[in-house]
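K.L.:
The structure is given below, and queries will be raised subsequently.
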Amino acid sequence: MQMGMKGTVKKIISLLMSLFLTSILTFTAFQVIPGDSALIALGMDATEEQLEEYREEMGLNKSLPMRFARWLKGALKGDFGYSSQYQMQMKVSTLIGDRLTVTLWLAALSFCIIVLVSFPLGILNARNRSGTLDSLITLVTHFFMAVPPFFLGMIITLLFGIILKWFTPGNYVSPEEDFQRFLRFMIFPAIAVAVPKIAMLVKLLRSSLLREMGLDYVRTAKGKGMTDTSILYRHILKNALIPVITFLAMILADILAGTILVEQVFNLPGLGRLLVSSIANRDYAVVQAIVLYIASVVIVINFLVDLLYQWIDPRLRKD
Amino acid sequence: MGKDETLLCIEDLTIGFPTGKCVKRVVDHISLEVKKGEILGILGESGSGKTITALAVMGLLPAAARILRGRIQYRGRDLLTLEEGERRRLRGAEISMVYQDPMASFNPLLTVGAQVEEMLRLHAKHTQEEYRALTLKALKEVGLTEPLEVYHRYPHQLSGGMRQRAMLAMAIIAGPKLVLADEPTTALDVTTQGKILQLLRELNEKYGMSIVLISHDLRVIQNTCHRAIVMKDGRIVEAGMTQELFARPQTKYTRQLVAAAPRLFSDGGGLRVTCAKNTSYKEQREIFTIQNLNVFYPEKGSGLLGKKRRKQVIKNANISVLQGETLGIVGESGSGKSTLAKAIVGLNREIEGVIKFNDVAAKGKGELAARPQMVFQDPFGSLNPTKKIGWLLEEPLKLQTNLSKKERIARVREMIRQVGLTYEFLERYPSQLSGGQRQRAAIAAALIVNPKLVILDEPVSSLDVTIQAQILRLLKELQDKYSLTYLFISHDLNVVFQICNRVCVLYRGEIIEIKEAQELLYRPQHEYTKELLESAMVKMGNRLP
């Protein structure tokens, strides 16, 4: 067990190192892009003196490592400077912070829906192998796998927003304003994000469960006199989860990075839309911060999945 | 309850797998009885229907299998018409099974203790502490000396022998009256095999537990069972008391099996060694030498900062092989046999020391034709399943020679004849071949580039005895024809003594003895060699003189 601890500490150290490397890459990448950030910040009308003053003030004349250190120090405190698309009036951190709340809520909601719906369906599907229910679920999942989320968003808007009037399309309410109405609104984009992923997950879970059901240890359990249900929950499920976890992690990273199309359809102020508008406006400070965020999310999720695997599968533990 | 009570009675059982319109019968009109307290052996080669019969008794047949007719009665109750709930209560508590592959038959994610205990929990009411105490007791009962440690281990952390013992503990913990043991010793070393069989006999004597022992190995059945049944293609060929049955077999097939079983000792108690008598190799020159060879396995350091470590598997090995001889390498699993073989063919580069072919050190590519070829243990895994046999045979020629397409095909055709297959096999995929045919194809693939030295890594251990004998004969023929030199790796001493001129014993990565086969058999020096020989004999029901 002590070795296990040691392994975890090692993993944490390598996590921190990858995060550091990511920050270097993110920073350098934007230094290589041609263009004068002073000019971008102050606009084409700025005089030479104003530009020089800005460069001095922002430390743009210093060496690359110095500027990186300065940027990283700020980044660690959550300070990424000011956004140029808002005429340097808006802090990048505030801008991203607001959008992040929306994206995080959307991610959390859709992730819950994905897990809560696909697990029972996948299990039901596998248990009714080659029954009518199985064929029906398979048919429906195949259909939804092919539907892109934004199109589904449009259908949902039409059905629940316009016909059933369960929410007002486009009328986003921020959580500070009215949290209940915010949640009621957010549930619909969350469904739009979740449905195609559910379809894929049900399919994956079904095939994973069926594969496990054919293995020898299941026969052993049956030979002990266990019922099929307790074999499923006590023996099969945990084994079947192993491939599913990787996929769940990919989904989570994907929706945490922002879902631009769904945000657009539901008029949500999320991270995805901010990223697109920042790229269009050459607002590098914002883009840099979002890229760093996305990269970190992916790295951290991978780290957590790694730990989760070791917890589930004793064969992966080193001793 | 009398001693003669019949526990299990199978009448006219027929099981088939429907394929398309016809049904492939795998068990065909089988009738047998198991009495209380007896050990019944079922002997048969793979595909003879012995495992399916056992699974039918357990009610664990694969979904595709259909019971076409017959009855299975357990203490007067017909199992086939029993309600599922009733039947479930019998499983484990009355009838339990020891499965063929204990690694796959345990859940990899749960501790061994939890899985053994689960059996008890399903069939008996106790307190938490009692469950645990009884589980530990059962683990101790099957000869696991540190039950508490085993209890907390996961299946992959145990050795093959320990896993098999744990599987046995699981089978007996709920006190069943009948245990079906399906090839319980097949995957084990000879030394461990003997101990497990001994354990089965002890359990039978101590608790009067009836055992059905299923094996393809005549010696296992002969040494353990009171009564035996010989099965072939789903039918019972012959049955009788074990001694009688194998001493005076009535049918041709049983006689064949008895004849094919490799033996060290004849019935008279004297030694009858079938060691290869070919002594002409002695005048030959050395074709291959190893000097002070150390082989390592790199161990992956953990994380980004982990240091690279390596584990020494082979320690200071010295071997020289003469042209035309067969050198056997024996040792139990984990002794480094396969590692040594891989180092010789160049599949492992973490080596120190000298490996020489024809006095040329094997650094760089060297003379290609002189490079040794290898035949692997598992012809299923070592032949690419997506390619036809013809393609597989041609590939080494493409890589190692400059022959034209026409010449290559001529060579492939010649080779396939040499290993006793016909041209039509060239158009088949490995999955369409039987185990023996696949191993023939693998041998052809190894020999096609005209190597001088061939390394055979357990080439017959996955095959049935009658097929084993055929393959060994083929190897001998090919050796004479092409004056080949063999390095023959095996854990099966009986096979080794049939084909090898000299034998080298590997123990924990060290060569502890290397000498003429006869010499080794008569005058083993090292304690381990003696133990190895003894367990091979015990398994055959003989004792050392």
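K.L.:
For segment A:229-319, list the helices (runs of 4 or more DSSP H) that sit wholly inside it and hold at least 2 residues that are of a type in the set (A, V, I, L, M) and more than 30 Å from residue A:159 (Cβ to Cβ); which are they? Can you show your working first?
P.N.:
Values: elements: A:237-256, A:260-266, A:271-280, A:284-312.
Those helices (runs of 4 or more DSSP H) span A:237-256, A:271-280, A:284-312.
K.L.:
For residue B:162, state whether it is within 14 Å of another protein chain (Cβ to nearest Cβ), in a helix (DSSP H, G or I), at negative phi and modelled with pLDDT under 95. Working first, answer last.
P.N.:
Values: within 14 Å of another protein chain (Cβ to nearest Cβ): no; in a helix (DSSP H, G or I): yes; at negative phi: yes; modelled with pLDDT under 95: yes.
When the stated conditions are applied, residue B:162 does not pass them.
K.L.:
Since residue A:187 meets every condition but one in (1) more than 15 Å from the chain's Cα centre (by Cα); (2) within 30 Å of residue A:148 (Cβ to Cβ); (3) free of Cβ contacts under 8 Å to residues at least 40 places away in the same chain; (4) open to solvent by 50 Å² or more (accessible area, probe 1.4 Å), which condition does it not meet?
P.N.:
Answer for residue A:187: the failing condition is (3).
K.L.:
Related question: Could you check how many residues of segment A:181-220 are out of contact with any His (no Cβ under 7 Å at 6 or more places or on another chain), within 14 Å of chain B (Cβ to nearest Cβ) and aliphatic (A, V, I, L, M)?
P.N.:
Adding up the residues that qualify gives 3.
K.L.:
Scan segment A:231-244 residue by residue and report those that are in contact with a helix residue (DSSP H, G or I) (Cβ under 6 Å, 6 or more places away or on another chain) and open to solvent by less than 40 Å² (accessible area, probe 1.4 Å).
P.N.:
Our first condition is that a residue be in contact with a helix residue (DSSP H, G or I) (Cβ under 6 Å, 6 or more places away or on another chain); within segment A:231-244, this holds for A:231, A:235-236, A:239-240, A:243-244.
Selection gives A:231, A:235, A:236, A:239, A:240, A:244.
K.L.:
Given the condition modelled with pLDDT of 90 or more, more than 28 Å from residue B:175 (Cα to Cα) and either in the same structural domain as residue B:13 (by TED's automatic domain parsing) or open to solvent by 40 Å² or more (accessible area, probe 1.4 Å) (or both), answer yes or no: does some residue in segment B:259-274 qualify? Explain how you work it out, then say what you get.
P.N.:
Going residue by residue through segment B:259-274, those that are modelled with pLDDT of 90 or more are none.
There is no residue in segment B:259-274 that is modelled with pLDDT of 90 or more, more than 28 Å from residue B:175 (Cα to Cα) and either in the same structural domain as residue B:13 (by TED's automatic domain parsing) or open to solvent by 40 Å² or more (accessible area, probe 1.4 Å) (or both).
K.L.:
When segment B:369-408 is examined, which residues are found to be open to solvent by less than 70 Å² (accessible area, probe 1.4 Å) and aliphatic (A, V, I, L, M)?
P.N.:
Result: B:369, B:370, B:374, B:375, B:383, B:389, B:392, B:393, B:397, B:403.
K.L.:
Same structure again: Note down all Cβ pairs under 9 Å where the first residue falls in segment B:21-35 and is of a type in the set (A, V, I, L, M), the second is at pLDDT below 85 and open to solvent by 60 Å² or more (accessible area, probe 1.4 Å), and they're at least six residues apart or on different chains.
P.N.:
Cβ pairs passing all conditions: B:26/B:47.
K.L.:
Okay, next question. Just wondering, is there one or more residues in segment B:30-37 that are closer than 30 Å to residue B:138 by Cα, surrounded by 22 or more Cβ atoms within 10 Å (Cβ to Cβ) and either touching a Ser or Thr at 6+ places or on another chain (Cβ under 8 Å) or more than 9 Å from chain A (Cβ to nearest Cβ) (or both)?
P.N.:
In the first step, residues of segment B:30-37 are kept if they are closer than 30 Å to residue B:138 by Cα; the result is B:33-37.
Subsequent filtering for residues that are surrounded by 22 or more Cβ atoms within 10 Å (Cβ to Cβ) retains B:34.
Checking which are either touching a Ser or Thr at 6+ places or on another chain (Cβ under 8 Å) or more than 9 Å from chain A (Cβ to nearest Cβ) (or both) leaves us with B:34.
Checking segment B:30-37: at least one residue is closer than 30 Å to residue B:138 by Cα, surrounded by 22 or more Cβ atoms within 10 Å (Cβ to Cβ) and either touching a Ser or Thr at 6+ places or on another chain (Cβ under 8 Å) or more than 9 Å from chain A (Cβ to nearest Cβ) (or both).
K.L.:
Taking segment B:170-191 only, how many residues are more than 13 Å from chain A (Cβ to nearest Cβ) and either without any contact (Cβ under 8 Å) to a residue 60 or more places away in the chain or within 16 Å of residue A:221 (Cα to Cα) (or both)?
P.N.:
2
K.L.:
Shifting gears a bit: Mind checking which helices (runs of 4 or more DSSP H) fall wholly inside segment A:1-71 and carry at least 1 residues that are among the small types (Gly, Ala, Ser)? Steps first, answer last, please.
P.N.:
On the way: elements: A:2-32, A:37-42, A:48-58.
Filter on segment A:1-71 gives A:2-32, A:37-42.
K.L.:
Limited to segment B:222-232, what total is found for residues that are modelled with pLDDT of 90 or more and either of a type in the set (Asp, Glu) or over 12 Å from residue B:200 (Cα atoms) (or both)?
P.N.:
Residues meeting the conditions: 7.
K.L.:
So residue B:223 passes all but one of these: (1) touching a Pro at 6+ places or on another chain (Cβ under 6 Å); (2) closer than 19 Å to residue B:535 by Cα. Which condition number does it fail?
P.N.:
(1)
K.L.:
Can you tell me which residue within segment B:85-118, out of those that are of a type in the set (Asp, Glu) and within 9 Å of another protein chain (Cβ to nearest Cβ), is farthest from residue B:156 (Cα to Cα)?
P.N.:
We begin by selecting, within segment B:85-118, every residue of a type in the set (Asp, Glu); these are B:86, B:94, B:101, B:117-118.
Subsequent filtering for residues that are within 9 Å of another protein chain (Cβ to nearest Cβ) retains B:101, B:118.
On the way: B:101: 12, B:118: 19 Å.
Filtering segment B:85-118 for residues that are of a type in the set (Asp, Glu) and within 9 Å of another protein chain (Cβ to nearest Cβ), the one farthest from residue B:156 (Cα to Cα) comes out as B:118.
The values are calculated or read from the model by the stated rules, or taken from the named source; none is laboratory data. This one's a predicted model, so the numbers in the text were calculated from it and none came from an experiment. Note that we place each Cβ from the backbone using ideal geometry, even for glycine, and neighbour counts take in every protein chain shown. Quick note on the areas: whole protein, heavy atoms, side chains included, nothing else; ligands and nucleic acids left out. Shrake-Rupley method; radii C 1.70, N 1.55, O 1.52, S 1.80 Å.
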